[in-house]
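Asker: Provided herewith is a single structure, encoded as structure tokens, for subsequent inquiry.
Laboratory data are not the source of any read-out in this text; all were calculated from the coordinates shown. Remember, predicted model here, so these are calculated numbers, not experimental data. Here the Cβ positions follow ideal geometry from the backbone for every residue, glycine too, while neighbour counts run over all protein chains shown.
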Amino acid sequence: MSGDRFARHALIPGWDQKRLAGATVVLAGAGALGNTLAQTLALAGVGRLVVCDPDTVAVSNLSRCPLFRPADVGRPKARVVAEALSALAPGTAVDAREAPHVSGAGLAELRDADLVVSALDSRAARIALAGRCTLAGTGMLDGGTHAWGGEVAWYPPGGRCWACGLLPAERAVQDDPWSCAAPDPAAAAGASAPVSALVGAWLANLAVRLLLGLSVPGEPLRIDAAGLAVPLSGGPSREVPEAECPLHERLPAEVPVLPLDREATVARLLDHVGVHEEPLTWAGFSRPVGRRAPVRAVTSRLRSAPASARLSELGVAPREVLPVARRDGSGLRYVELDDGASDPRDPRGGPSGRRRATTEGVL
Ligand SMILES: [Zn+2]
């Protein structure tokens, strides 16, 4: 095979193939939008994708997801995306994380990524990612669909976040599937191949422009697939966060890096904090409560976990930054987990790339 795969790209003003080849994109969600986005970014020559999704391929996904085949039903979505892209665009390394984004990509990975994209299907997951992007000081590109349209919006660092426009009661919603097949069929919304492809392509177009350092709309793109129009919406200034939105805390500029990765045990982590400190995870984990009739309770306090448990088993993401509360109530500090040594091209879904630790916040 000879010739330049990207020869036509080179003719586009403002295009920089090397810049794309050196870019890392964290993608939360490998459903219909995530499929189209991952496929298009790989075709465009983006060097590395970190794909987070805890779900497996369902039959109902096959109508909208170009990277899934019938034989993939029941297999992890993130892994299938990685395998499909290795054949389609072998120059793109895909790091499959078979976990929710909060356990799949640590805050340090979000901080160091060239772009973070939300292709999620629930309000709670979007709020969590918006808060984590703000903590990490990174922007978030978001896409969502409804029956005959969708919305794509860029939330730049320091400006409004995805949750700024929500009411407090809406921010408190634990989970509210937007579109994809939900466990409760009554909660699932309509979705189709053309709308997913259309919105996914707009999402990918904005992603490529952001990676190339080109301008993107300052307002959300509302895509009306019934009227075949892409109107720009009006709205409040995108530069200033909503005063009442609680998701605008930032990590300190300097966070100490521990000589531990997420395969370390709880006991080893506790060796690195004071006796009056309470290290927390961002993704809550369950622990048994009660001796006679144990029930499961969700906690984020690492001192509640077995000392021998590995942080990864408790949902701590690669390269996570964990909050450490002081028991006297005097505030928080943060610690960052070190890199692991696994292969970033590993498509098997294990932690990979430069790992540090993760925590899950109470948002
Ligand atoms: Zn906000």
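Asker: Out of all Cα-Cα pairs in segment 1-96, roughly what percent, to the nearest whole number, are more than 21 Å apart?
Answerer: Roughly 33 percent, once rounded to a whole number.
Asker: Segment 1-38: which trypsin sites (Lys or Arg not before Pro) are DSSP loop and have at most 16 other beta-carbon atoms within 10 angstrom?
Answerer: Here the trypsin sites (Lys or Arg not before Pro) that fit, given the DSSP loop and packing criteria, are ARG5, ARG8.
Asker: Mind jotting down a quarter of the surface of the convex hull over the alpha carbons of segment 9-224, in square nanometres, one decimal?
Answerer: So the Cα hull casts an average projection of 11.3 nm².
Asker: On to the next question. What distance in nm separates the simple spin-label points at LEU270 and ASP16, each placed 7 Å from Cα in the Cβ direction?
Answerer: In this crude label model, LEU270 to ASP16 measures out at 4.9 nm.
Asker: As an exercise, identify the trypsin sites (Lys or Arg not before Pro) in segment 249-325 lying in DSSP coil whose Cβ has no more than 11 other Cβ atoms within 10 Å.
Answerer: Here the sparse-neighbourhood loop sites are ARG250, ARG291, ARG292.
Asker: Can I ask one more? Tally Lys and Arg at +1 and Asp and Glu at -1 over the other residues with C-beta under 10 Å from the C-beta of GLY137: what net charge comes out?
Answerer: +2
Asker: Something else now. Stretched out fully, how many nm does the piece from SER286 to ALA243 gain, at 0.36 nm a residue minus the Cα gap?
Answerer: Gain in length upon complete extension: 12.1 nm.
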